[in-house]
Amino acid sequence: MIHKEYGCHIEGVTVSLEQAKYASSASQYYGYSDKLLFFVGDMLRLPRHDNTYDFIWACESTEHISD
């Protein structure tokens with residue numbers, strides 16, 4: 001929905017392989033797979049060379065980060 005509204009590129013990170021598979025499948029179904037990437041990973045160690053994003057939306061994830 002975010003991509004459809006704003007046309008932005010999106011990277012989704014989850015700890016669940018099933019969630020990543022479902023999101024990837026949905027992005028293909030809606031024809032957005034070239035703009036959306038979903039993968040299993042550690043949100044504290046993201047595969048970004050510059051370690052920056054324009055915007056981050058954390059949903060059901062902060063409880064998995066240690067103090």
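The single condition among (1) in contact with a Phe, Trp or Tyr (Cβ under 8 Å, 6 or more places away or on another chain); (2) part of a helix (DSSP H, G or I) that Q28 does not meet is (1).
For the subset of the stretch 33-64 comprising residues that are open to solvent by less than 90 Å² (accessible area, probe 1.4 Å), in a loop (DSSP other than H, G, I, E, B) and not hydroxyl-bearing (S, T, Y), which member is modelled with the highest pLDDT? Ranking the candidates gives K35 first. Number of residues in the stretch 1-24 that are surrounded by 12 or more Cβ atoms within 10 Å (Cβ to Cβ), more than 29 Å from S66 (Cα to Cα) and without any contact (Cβ under 8 Å) to a residue 12 or more places away in the chain: the value is 0. Filtering the stretch 28-67 to residues that are over 12 Å from V15 (Cα atoms) and in contact with a helix residue (DSSP H, G or I) (Cβ under 7 Å, 6 or more places away or on another chain) leaves Y32, S33, K35, L36.
The values are calculated or read from the model by the stated rules, or taken from the named source; none is laboratory data. Treat the numbers as computed from the prediction; the structure is a model and nothing was measured. Cβ sites come from the backbone with ideal geometry, for glycine too, and all protein chains shown count toward neighbours. Just the protein is used for accessible areas: all its heavy atoms, side chains included, with ligands, DNA and RNA removed. Shrake-Rupley method; radii C 1.70, N 1.55, O 1.52, S 1.80 Å.
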